[in-house]
Amino acid sequence: GNQFEDAQSLGASADLALARGAADSARALYQRAAVLDSSAEALAPLAIARVETGDFAGAVELEKRMRRTHSSVGYEAQMPWTLSRYRLGRLYERMGNTAAARAEYEAFLSELSDAEADMPAIVDARARLRRLMALGPRPES
């Protein structure tokens, strides 16, 4: 097959490994897939696998790279790209960086202001943002 098909096959194997609880194996397979296919569709699962294996900084780096290099929408990678700010907000929350988490949630909700209000990620981002705002004002950067 071609590189894209090979990446898809590796991604499917990684999905199975992750479902079986083999996060390290899944991460290695997603990494191999991302070498063959650098689209948001391949990078998002690798970022998630990095979270599962405790590599929060590596996940943040991938999510930011995805935001920088994959701004086009209108194909399969649109959803992973669209949700990247939401995932970044959750990562920053886990890392204790509430100011960055708030900024990502605010940007995510702004970007999706025309989306369906009951979309699970939007509902969750709003709730997380409300909770973070209740903790106090965001410090100036």
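Just to be sure I understand: with springs between alpha-carbon atoms less than 10 Å apart, which residue in Ser84, Ser110, Ser38 has the highest mean-square fluctuation in the Gaussian network model of the chain?
Top of the fluctuation ranking is Ser110.
Along the charge dipole of region 1-94, which of Trp81, Leu16, Ala28 sits closest to the positive end, that is, farthest toward it, with unit charges on the beta carbon of Lys, Arg, Asp and Glu (+1, +1, -1, -1)?
Among Trp81, Leu16, Ala28, the one farthest towards the positive end of the dipole of region 1-94 is Trp81.
Starting from the exponent 0.38 and prefactor 2.2 Å, build the expected Rg for the chain from its residue count and divide its actual Cα Rg by it. Display every interim value, and only then the final one.
Numbers: Rg = 15.8 Å, N = 141, 2.2 N^0.38 = 14.4 Å.
Normalised Rg, Cα atoms only: 1.09.
To the nearest 20 Debye, how big is the dipole of the chain about its Cα centre, given +1 on the beta carbon of each Lys and Arg and -1 on that of each Asp and Glu?
It works out to roughly 580 debye.
Helix 23-36 versus the longest principal axis of the chain: what angle, 0 to 90°, nearest 10, using Cα atoms?
So the inclination is approximately 80 degrees.
Starting with the highest mean, order 118-127, 3-12 by the number of other Cβ atoms within 10 Å, averaged over the residues of each peptide.
Values: 118-127: 13.9, 3-12: 15.9.
Peptide ranking by packing, descending: 3-12, 118-127.
Springs between alpha-carbon pairs under 10 angstrom, Gaussian network model over the chain: which of Asp24, Asp114, Asp37 fluctuates most?
Among Asp24, Asp114, Asp37, the largest mean-square fluctuation in the Gaussian network model of the chain belongs to Asp114.
Carbon and sulfur: what percent of the chain's accessible surface (1.4 Å probe)?
Working: 4030 of 7890 Å².
With neighbouring chains kept in place, the figure for the chain is 51 percent.
What number comes out for the charge environment of Leu88, summing +1 per Lys or Arg and -1 per Asp or Glu over other residues with Cβ under 10 Å away?
Working: positive: Lys64, Arg67, Arg85, Arg87, Arg90; negative: Glu63, Glu93, Glu104.
Result for the local shell: +2.
Per residue, how much accessible surface does the chain expose to a 1.4 Å probe? Answer in Å², no decimals.
Details: 7890 Å² over 141 residues.
Per-residue accessible area for the chain comes out at 56 Å².
The values are calculated or read from the model by the stated rules, or taken from the named source; none is laboratory data. The structure presented is a predicted model; accordingly, all values stated were derived computationally and were not measured. When we count neighbours, we look across all protein chains shown, and the Cβ atoms used for this are built from the backbone with ideal geometry, even at glycine. For accessibility, only protein heavy atoms count, side chains too; no ligands or nucleic acids. Shrake-Rupley method; radii C 1.70, N 1.55, O 1.52, S 1.80 Å.
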